[in-house]
Ligand code: NAP
Ligand code: G4F
């Protein structure tokens with residue numbers, strides 16, 4: 001049985017990846033942070049007794065800033081594969097916390113790579129790199145596009161990208177960078193723009209709110225569906241050799257397009273509800289990200305199936321359903337991870 005370690009297992013991608021690996025028969029270990037409130041809501045369903053796979057899921061407390069704990073965890077588990085997804089992942093927040101973002105999102109990767117190198121554990125390593133590293137470089141962006149990060153987050157991810165490449169070249173480590181463009185789902189964090197929009201659409205439709213405050217509506221992104229993107233991560237670690245891949249849909253969609261499509265799903269006119277708030281602007285913006293994932297299609301057999309219009313519908317329907325259940329008191333009670 002293969003053993004995988006996932007950092008960031010409580011996040012959007014970590015939860016889908018844990019599902020995927022458990023379904024493939026892996027033993028799955030996740031690194032989680034101690035929090036003063038429950039922070040495992042995205043993976044609690046994997047803990048419920050009826051799932052045979054629950055016995056193959058293990059959680060370990062730790063933090064990317066705590067190098068010695070990471071080192072002993074890697075040495076103890078000897079995982080076949082490590083998916084490094086944990087990060088301070090919010091671009092706007094990284095302008096307020098540049099040093100912390102550098103420590104967690106940048107140096108956190110070095111701590112893991114060093115844990116692998118110094119313990120001599122034989123493992124395959126996935127680094128969650130980001131299209132934010134392309135920043136100001138015009139689209140379409142591929143593996144050959146020059147990097148030009150526009151935020152402390154983008155700069156921290158670029159440092160981590162080069163560290164993964166350096167450990168591959170210097171020590172022969174199987175370390176890959178998945179350069180993933182934006183990917184979303186009903187499990188997306190509520191402060192990222194897509195989920196902020198679909199959650200507000202549900203609240204407006206059901207009469208709980210009357211407006212939605214947003215920043216720059218002109219930004220263009222390439223939005224894909226997260227469950228498909230974690231499959232691309234897994235494929236990268238099954239390849240014969242380690243190399244870096246762009247993962248994207250190739251579809252151009254602006255924040256305005258997303259807003260308009262989301263309100264249309266519930267038959268409302270978006271222009272009546274959207275208000276501008278300058279606090280959501282960034283000191284430097286990434287105007288346009290559209291990926292070219294030809295290499296992933298050719299070498300990994302991976303291709304996006306869900307594109308932005310369908311993604312919007314999936315997310316709006318999920319938020320309307322979730323809120324309706326909350327309001328009529330029928331939301332399912334779930335077992336929580338309680339160490
Ligand atoms: P997410 O939902 O924000 O999840 C981030 C995860 O990192 C959470 O599990 C979080 O734990 C954990 N974490 C944060 N700081 C930590 C620390 N100091 N020590 C240990 N764990 C920590 O992110 P995501 O959307 O799933 O993205 C996964 C990864 O892919 C991230 O590295 C992100 O930067 C990158 N990425 C994402 C996208 C995208 O569009 N989603 C695109 C490209 C790259 P808590 O639950 O306790 O907060
Ligand atoms: O949803 P966002 O915060 O995502 P962003 O900045 O593109 O970053 C996400 O994708 C990256 C991959 O390219 C990941 F690496 C990163 O971890 C994260 O998952 O913002 C998208 C766009 C931006 O241009 C932003 O300025 O939406 C614009 N926006 C407009 N109003 C807003 C808002 N963003 C947020 N979060 N909140 C707003 O009210």
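Taken together, the values in this text are just the output of simple stated rules run on the coordinates, not laboratory data. From a predicted model like this one, the values you see are computed outputs, not experimental measurements. So basically every Cβ, Gly included, is an ideal-geometry build from the backbone, and we count neighbours across all protein chains shown.
What to note about this one:
- Residue match in segment 199-213 (condition: within 12 Å of ligand 1 (Cβ to nearest atom) and either over 27 Å from residue 256 (Cβ atoms) or part of a loop (DSSP other than H, G, I, E, B) (or both)): no
- Failed item in (1) touching a residue at least 40 places away in the same chain (Cβ under 8 Å); (2) more than 16 Å from ligand 2 (Cβ to nearest atom); (3) surrounded by fewer than 23 Cβ atoms within 10 Å (Cβ to Cβ), with residue 82 passing the rest: (3)
- Residue selected from segment 138-156 under the condition under 12 Å from residue 286 (Cβ atoms), crowded, with 18+ Cβ neighbours inside 10 Å and touching a residue at least 60 places away in the same chain (Cβ under 8 Å), by the criterion nearest to ligand 1 (Cβ to nearest atom): 153
- Of the residues making up segment 138-178, those that are within 17 Å of residue 240 (Cα to Cα) and within 18 Å of the chain's Cα centre (by Cα) are 176, 177, 178.
- Within segment 159-199, tally of residues that are in contact (Cβ under 8 Å) with a residue 24 or more places away in the chain, within 12 Å of ligand 2 (Cβ to nearest atom) and touching a strand residue (DSSP E or B) at 6+ places or on another chain (Cβ under 8 Å): 15
- Single residue of segment 236-257 satisfying the filter (part of a helix (DSSP H, G or I) and away from ligand 1 (no atom under 16 Å from the Cβ)) that is nearest to the chain's Cα centre (by Cα): 238
- From the options 230, 176, 193, 201, residue that is farther than 22 Å from residue 88 by Cα and surrounded by 20 or more Cβ atoms within 10 Å (Cβ to Cβ): 201
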